[in-house]
Amino acid sequence: MTNNFCRFGSLRTGICAVFLILLAACIATGQETGSVQAPRANTQQSAQLAESKPYIFVGAGDIASCKVLEGAEETAKLIEQIPGEVFAAGDLAYEKGTAEEFANCYDKTWGKFKNRTHPVPGNHEFNGSKLGTAYFDYWGGRAGPRGKGYYSFDLGVWHIIALNTNCAALGPDGCAADSAEEIWLKQDLAAHPSSCIIAFGHHALYSSGVFKNHALHPELRPFWQDLHAAHADLMLVGHEHSYERFAPQDPHGNADPKNGIREIVVGTGGRSHDPLGFPIPNSEARNADSFGVLKLTLWPERYSWEFIPVDAAHGFRDSGEGVCHNAPPTN
């Protein structure tokens, strides 16, 4: 029809030319608009999906013994099936944390996911060398600055702090107030005032282990005071070869459901089992005969925990959830 209309007459030809130009412009505009708007919708959907997807943080401490590797092999199999970031809460290669023990014991088990693991040193990492040489050699930059062993990183809105709790190995100031690590911790927390916060290290401030000089570490209270003042949510530790979860508490062991730190002892990576004594205040769940790993699922305003045992049929289990202290208030 357009061809017939445009075939005769100069007037019709001129009108037709204008008509065709306008029609072509409309078609081009429609095509351009479609090509821009469609990706914009996809980008919004991708952003919403990324925002709603939680982070996974899974791990344990007290892991690979060259004398008996079976426990570490079994916990490694669990983590291989769980996506996300991994924490290794110290005493990684027994008995002395030597280069040979890291190569022949830790690396053959938990080393399979080394590239997504965040370590802290335990006391056994300093048994072979007062400087923890083999530990820092094995991990390189993943262990934080050599000789310090403390660092931090982010998983979305969650700020994760790796602490070196081997106070004697840190020099004369150790973990005291105004020590190098305590000053760093206070500054690091001040730089993340709105973050949800998890700290992890090797030694526990509180645990119900039988031998109190092994179970309780009051020298860590300055760290806890800084973390509590910043409304930290969780402290993950090992050292005691058992599992124990505490209700939120303050640095002096008083129940604090509003702003307290929930400490979870998870020295269940495979080395051995330690007996537990009578439960100390605020101890909520505990077990001394199951190897396994702690899986944290981290959303922007809340978290959940799950202890996953090696023995799926008969092993100890624990799970629950909490709310991020620094989450903005909801209407």
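Overview of results
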quantity: Under 5 Å, built H, 5+ apart or other chain: amide partners of HIS203; calculated: THR165, GLY238
quantity: Note, ³J(HN,Hα) from phi for region 103-111, Karplus 6.51, -1.76, 1.60, rounded to Hz, x at Gly and Pro; calculated: 6, 8, 10, 5, 5, 7, 10, 6, x
quantity: 1.4 Å probe accessible area per residue over region 204-331, in Å²; calculated: 42 Å²
quantity: Largest-first principal axis extents of the Cα set of region 231-309 (Å); calculated: 34, 29, 16
quantity: Surface share of carbon and sulfur [accessible, 1.4 angstrom probe, percent] for region 185-273; calculated: 55 percent
quantity: Restraint check, LYS96/LYS130; LYS53/LYS295; LYS114/LYS148; LYS67/LYS212; LYS114/LYS295; LYS67/LYS96, Cα-Cα greater than 22 Å; calculated: LYS67/LYS212
quantity: Rg(Cα) / (2.2 N^0.38 Å) computed for region 191-331, rounded to two decimals; calculated: 1.03
quantity: Amide H contacts of VAL58 (H built 1.01 Å from N, under 5 Å, at least 5 apart or other chain); calculated: GLU85, VAL86, PHE87, LEU296
quantity: Percentage, to the nearest whole number, of Cα pairs in region 109-261 over 29 Å apart; calculated: 14 percent
quantity: Amide H within-cut-off set for HIS159, under 5 Å, with H built and near neighbours excluded; calculated: CYS196, ILE197, ILE198
quantity: Candidate aspartates and glutamates for bridging to LYS186, where Cα separation is under 13 Å - those fewer than 8 sequence places away on the same chain excluded; calculated: ASP178, ASP226
quantity: Vicinal HN-Hα couplings computed from phi for region 144-151 (Karplus, 6.51 cos²θ - 1.76 cosθ + 1.60; Hz; Gly/Pro x); calculated: x, x, 4, x, 9, x, 10, 6
quantity: Ratio Rg/Rh, restricted to region 107-185 and using Cα atoms, in which Rh is the Kirkwood radius; calculated: 0.98
quantity: Label-point gap, in nm, between LYS148 and GLU73 - each point 7 angstrom along Cα→Cβ; calculated: 3.9 nm
quantity: Against the rule of thumb 2.2 N^0.38 Å, how large the Cα Rg of region 168-220 comes out; calculated: 1.34
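The values are calculated or read from the model by the stated rules, or taken from the named source; none is laboratory data. None of the values given here were measured: they were computed from a predicted structure. We place every Cβ from the backbone using ideal geometry, glycine too, and count neighbours over all the protein chains shown. Accessible surface is based on the protein model in full, side chains and every heavy atom, while ligands, DNA and RNA are left aside. Shrake-Rupley method; radii C 1.70, N 1.55, O 1.52, S 1.80 Å.
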